Structure formats: structure tokens, C-alpha cells
């Protein structure tokens, strides 16, 4: 039996990964931020410490990692955060420095496999150099997070990164992040979107791909995973349908029409002393393109299964609506 430590085992991705690890008879332990999202979220065989690992000493962490074979890094700040200027400093402290420290400690503790939950924005920063995404705080620091972790493991610990796209699924005690999309559509007769699309996976596929990386991944590799590629128009139409808004028109608009307003929003945000990890005007450029990933590039390597993305989207939106009603 292999021992796996997962940082963030009570989050959406961590929770489903824990379940899949247990199904495959791994022994699992985790450290996660309090409070527990739901009573008895994790089965008793999972050793769970509630606390902030960044506040623990090296000695405490080495004690937790003693005897662990594998480490899954399912924590950190994502691009939805809007920190104070400069955003690069925030994401460096939130994602890069903790990863470097924990990768180093994992190597010292004798861990042999280390998987990071990264972002597909790092993938497209490399694929689309003309957008200069490597100058944007979030993808810039995601790329650095990967590289530093690879260097920490060099020669002693295999380190891999999963570059994750849009993810759908639910768990007990947490409202899906997609609830933030509902106000953009609720009660609207016309919903403007840009003409691009995005890659999508389910939480179960992330869990399966994680174990695939642990079992088959190669050191220094980053795996951009995907199942289905979908236009933003189709995605928003699915949300409108679940809202019962059959008459809502999801209208594709030109980039030139939307970008100036988003550039003004960036200026307003800066005037307030804050900055997006990816500026909104740049996000518009991304959403006007097809941020698509071929699942055949990673599915055979990591051995994760095909999923029903549309059903996962429906279930996720239904859960958002249920939680919204409860909290009203």
C-alpha cells in the first residue's frame, strides 16, 4: 500500500481525489484549512489535520510527511483573486513560495512523487506568445511554480504538473464556484459573450488524472488535461436553459466591442489599488480564442476516463441554484 499526502483534501478537487485514492487502496492523509465543509466529509481511515500548513514549522511538516511516498499539492490562489498591486507579488507569495518550501521538505522527507494542481493558463502562455501572457501575474507565477518545484525534485523526486481547465462537479458543504456566473445571465434577455471556447473536465477526471500522474507521470512534465472543448456561447446557453430562461439570447459580440470597456475596468481597478492576475482586457483576448486542448494528448498517458461533461455542467448549475435558494 502506497502512502499519499494531499494538501487541501477537503477542497473540491482534493475531496474527489481522496475518494479515488481510497477506492484504489492508497493510504491517505491530508492537511486542510478549517472549518470542515461538512460533518464526516472524509472517512475515518483518512488522517486529517485541520490547519494552515504555511504556519507550521519545517519540523512539524517533516513529521507529517514521514513515511509518505507521494504528495499532491491541491491548494493555492486562483485567477479569481483580485489582490493589491502588484498582483505578481501576491501570487508569488500565495503559490510559488509555499510550493518551493513544501517540495523541498517533501524531498527531504523521502517523498518520491509530487503532483501540482496548476492552470491551463500556463499552457496557453506558452502556446500563444503573441498575447504576452507570461507578463501577466497569474500565468507568470504559475509557470514559475512549476519550474521551481521541478528544480526542487531534480534527481530525487519526480515532480509533475496538471494544467487544469474549466472543472465541473460538486461536493458536500461547498457551493460550486460557477455560482459567480449566474448573475451574468439571470433575468437577462440578451447575454453577450466572446467568440472563443474552452477545454473542460470533471472533478472525477481530475482525480483520475492525478493518480495517473503519480503512477505514470515523468519528472518535469506538465499535462494539460481535457475531455470536451466547448464554445462560451454554448456553455452560457446551457446555464440559461437550467435557469428556465428559454427566451434568453446568448449573443456572440466582436472583441472590439467588448475590449474597451474591460480596459476601462482595468484602469478603475488600478485606481483602487488592485490588480487582476490576468487583466480583464487580456482575458477578453483569451475568451475570443478557442482555448482548446486535445484530450488525446494526455488521456492515454494518464489513463483517465471519458466523462459526460454536459451532465456534469447541469448537475453543477443545479447545485448552484439550490445553494443560492438556501442562502437567500
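The values are calculated or read from the model by the stated rules, or taken from the named source; none is laboratory data. Computed from a prediction, not measured in an experiment: that's the story for all the values here. Note: ideal-geometry Cβ built from the backbone for every residue, glycine included; neighbour counts use all protein chains shown.
Values computed for the structure shown
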{"quantity": "Subset of the stretch 11-31 [in contact with a strand residue (DSSP E or B) (Cβ under 8 Å, 6 or more places away or on another chain) and either touching a residue at least 40 places away in the same chain (Cβ under 8 Å) or closer than 15 Å to residue 208 by Cβ (or both)]", "calculated": "11, 12, 13, 14, 15, 16, 17, 18, 21, 22, 26"}
{"quantity": "Conditions (1) closer than 17 Å to residue 198 by Cα; (2) crowded, with 16+ Cβ neighbours inside 10 Å; (3) in contact (Cβ under 8 Å) with a residue 40 or more places away in the chain; number of the one not met by residue 258", "calculated": "(1)"}
{"quantity": "Options 163, 174: the member that is farther than 14 Å from residue 100 by Cα, in contact (Cβ under 8 Å) with a residue 24 or more places away in the chain and surrounded by fewer than 20 Cβ atoms within 10 Å (Cβ to Cβ)", "calculated": "174"}
{"quantity": "Any hit, the stretch 57-75, residues being surrounded by fewer than 23 Cβ atoms within 10 Å (Cβ to Cβ) and either within 23 Å of the chain's Cα centre (by Cα) or closer than 25 Å to residue 174 by Cα (or both)", "calculated": "no"}
{"quantity": "Qualifying residue in the stretch 2-12 (condition: in contact with a helix residue (DSSP H, G or I) (Cβ under 7 Å, 6 or more places away or on another chain), surrounded by fewer than 23 Cβ atoms within 10 Å (Cβ to Cβ) and assigned to a loop (DSSP other than H, G, I, E, B))", "calculated": "yes"}
{"quantity": "Only one of 78, 63 that is part of a helix (DSSP H, G or I) and either farther than 22 Å from residue 111 by Cβ or out of contact with any helix residue (DSSP H, G or I) (no Cβ under 8 Å at 6 or more places or on another chain) (or both)", "calculated": "63"}
{"quantity": "The stretch 233-253 - residue that is in contact with a helix residue (DSSP H, G or I) (Cβ under 6 Å, 6 or more places away or on another chain) and surrounded by fewer than 20 Cβ atoms within 10 Å (Cβ to Cβ) and, of those, nearest to residue 116 (Cα to Cα)", "calculated": "238"}
{"quantity": "The stretch 56-112, residues that are at positive phi and touching a strand residue (DSSP E or B) at 6+ places or on another chain (Cβ under 7 Å)", "calculated": "67"}
{"quantity": "Qualifying positions in the stretch 38-51 - loosely packed, with under 15 Cβ neighbours inside 10 Å and in a loop (DSSP other than H, G, I, E, B)", "calculated": "38, 39, 40, 43, 44, 45, 51"}
{"quantity": "Residue match in the stretch 197-212 (condition: touching a helix residue (DSSP H, G or I) at 6+ places or on another chain (Cβ under 8 Å), surrounded by fewer than 21 Cβ atoms within 10 Å (Cβ to Cβ) and over 26 Å from residue 290 (Cβ atoms))", "calculated": "no"}
{"quantity": "Residue in the stretch 150-158 that is within 24 Å of residue 89 (Cα to Cα) and without any contact (Cβ under 8 Å) to a residue 24 or more places away in the chain present", "calculated": "yes"}
{"quantity": "Residue count for the stretch 93-151, restricted to those that are surrounded by fewer than 22 Cβ atoms within 10 Å (Cβ to Cβ) and either modelled with pLDDT under 95 or assigned to a loop (DSSP other than H, G, I, E, B) (or both)", "calculated": "4"}
{"quantity": "Single residue of 90, 71 found to be in contact with a helix residue (DSSP H, G or I) (Cβ under 8 Å, 6 or more places away or on another chain) and not in a helix (DSSP H, G or I)", "calculated": "71"}
{"quantity": "Residues being part of a strand (DSSP E or B), farther than 16 Å from residue 236 by Cα and within 18 Å of the chain's Cα centre (by Cα) - total across the stretch 158-192", "calculated": "8"}
